[in-house]
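The values are calculated or read from the model by the stated rules, or taken from the named source; none is laboratory data. This is a predicted model, so every value here is computed, not measured. Please note: Cβ atoms are built from the backbone with ideal geometry, for glycine as well, and neighbour counts cover all protein chains shown. Please note that ligands, DNA and RNA were not included when accessible areas were found on the heavy atoms of the full protein model with its side chains. Shrake-Rupley method; radii C 1.70, N 1.55, O 1.52, S 1.80 Å.
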Amino acid sequence: MNDLDPLSAFASLLTDQGRALLDEVRDTEPARELAVATRLRREYPVGLVSAALGQARLRQRAVVKFGAADAGRMYFTPNGVEQSTRASVAAYRARRFQELGVRSVADLCCGIGGDAIALARAGIRVLAVDRDPLAAAVARANADALGLGELIEVREADVTEVATAAYDAVFVDPARRSGRGRVFDPEAYSPPLSWAVRTALEAPLAALKIAPGVPHETVPAEAGAEWISDSGDVKEAVLWFGTGEAGSVRATLLPGPRTLVGRGLPDPQVRPLGRYLYEPDGAVIRAHLVAEVAEALDGGGLVDETIAYITADSPKATPYATAYEITDQLPFGVKKLKALLRERGVGVLTVKKRGSAVEPEELRRKVKPQGPNSATVFLTRVKGAPTMLLGHPAPV
């Protein structure tokens, strides 16, 4: 067992000896790995010790996506931790399937089974398919580890050769990474987006997970498009087929969920800077729904025609944007900002930028903020001119 292939190494973790070793190394800190490995190799095979320590490291990384309780019981691969859907996003999507009356789903390109787990927890029967033998083995182990084996059937196969007619819906999550890194061309996905769309159109209902930066013009006319963020971070876009919402655009913010549906509004007008600045959530920006947010504010408009910052004269609560009260507007200049921050006693400076080439860390290093107060500076353009806006979060 000194030199195991990845599949054999993973299989060794599912033995009684492997499970016992995983429990023993569960909380191993990275700095102690070498000492722990040296000690354990006196009692366990070298390959098993390496596999267990590697798995413990992956479980620690997975906590941010799956939570400590699940991550501590699940199994992962390096790609699986990196590419799997965050549990909160998968659970939201599973609820949508459930609300649409779906009782069975063919999960194609299932990876380590994160989405299949969410679907099963929503009471949906799942066929989880992946052509990677290791991914399929891990998905199967995860279904068993979480007590969902009766609802999840894992199959190692090429998804393009799997019949899905017996299922209420299809979910496809094409691989968007290759050996060279992230793939941006949808036709370079594995399988290509065009195949996934054809498969979706043949199903009663379907959802395709795609990169959030996908151009709107590439969205098929038959699909409704949804951009999803979690705690302010944009996580994915989903194309929904068969929901009766072809051509629709929405932004969903988690936790919540809160969903903003597009109404085809024209771009907001540029107006003079008001007392308040609103920074739309990333999902709202990706979904091109800034106009819908601006319309809900009192006199909301853009600070610049190319910048997704909204300005208004009065504060108004909205779940789709963060409000800031602006105290100062300055032409861009490091010396001017440094002097103003010193005058205000600002030692904690948050730097945000949109439409500026200046890096936040570079600016923070140059102005050397010192003092008991905090502030936020926006590096942006106002009516085309490089501008610095100083302010703080507004209590709305």
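Scanning region 93-116 for residues that are touching a Leu at 6+ places or on another chain (Cβ under 6 Å) and in a helix (DSSP H, G or I) yields one hit, 94.
For region 124-135, the criterion of a residue being under 30 Å from residue 5 (Cα atoms), open to solvent by less than 10 Å² (accessible area, probe 1.4 Å) and touching a Cys at 6+ places or on another chain (Cβ under 7 Å) is satisfied by at least one position.
For region 59-89, residues that are open to solvent by less than 30 Å² (accessible area, probe 1.4 Å), more than 21 Å from residue 29 (Cβ to Cβ) and not in a helix (DSSP H, G or I) total 3. Would you call residue 186 over 21 Å from residue 96 (Cβ atoms) and either of a type in the set (Lys, Arg) or surrounded by 15 or more Cβ atoms within 10 Å (Cβ to Cβ) (or both)? Yes; evaluated as a whole, the condition is true for this residue.
Within region 347-360, residues that are touching a residue at least 12 places away in the same chain (Cβ under 8 Å) and in a loop (DSSP other than H, G, I, E, B) reach partners that are hydrophobic (A, V, I, L, M, F, W, C) and open to solvent by less than 30 Å² (accessible area, probe 1.4 Å) with beta carbons closer than 6 Å, at six or more positions or on different chains, in the pairs 354/307; 355/307; 356/379; 358/379. Of all residues in region 189-239, count the ones that are open to solvent by less than 20 Å² (accessible area, probe 1.4 Å) and among the aromatic types (Phe, Trp, Tyr). Result for region 189-239: 2. Which one of the conditions (1) acidic (Asp, Glu); (2) free of Cβ contacts under 8 Å to residues at least 24 places away in the same chain; (3) not in a helix (DSSP H, G or I) does residue 236 fail to meet, given that it meets all the rest? Tallying (1) acidic (Asp, Glu); (2) free of Cβ contacts under 8 Å to residues at least 24 places away in the same chain; (3) not in a helix (DSSP H, G or I), residue 236 fails exactly one: (2). Here residue 322 meets the list (1) of a type in the set (Val, Ile, Thr); (2) open to solvent by 40 Å² or more (accessible area, probe 1.4 Å); (3) outside any strand (DSSP E or B) almost entirely, failing just condition (3). Among the residues of region 239-262, those that are outside any strand (DSSP E or B), at negative phi and touching a Leu at 6+ places or on another chain (Cβ under 9 Å) comprise 243, 262. Mind listing whichever residues of region 40-58 are buried (at least 20 other Cβ atoms within 10 Å of the Cβ) and among the β-branched types (Val, Ile, Thr)? 49, the sole residue that qualifies. Of the residues screened, residue 308 is one that is under 24 Å from residue 379 (Cβ atoms) and part of a strand (DSSP E or B).
Scanning region 325-344 for residues that are open to solvent by 30 Å² or more (accessible area, probe 1.4 Å), within 16 Å of residue 378 (Cβ to Cβ) and part of a helix (DSSP H, G or I) returns 334, 336, 344. Only one of the numbered conditions (1) outside any helix (DSSP H, G or I); (2) touching a Lys or Arg at 6+ places or on another chain (Cβ under 9 Å) is violated by residue 136, and that is (1).
Scanning region 264-271 finds no residues that are closer than 12 Å to residue 226 by Cβ, free of Cβ contacts under 8 Å to residues at least 40 places away in the same chain and open to solvent by 20 Å² or more (accessible area, probe 1.4 Å). Restricting attention to region 272-286, the residues that are of a type outside the set (D, E, K, R), within 29 Å of residue 238 (Cα to Cα) and open to solvent by less than 30 Å² (accessible area, probe 1.4 Å) add up to 5.
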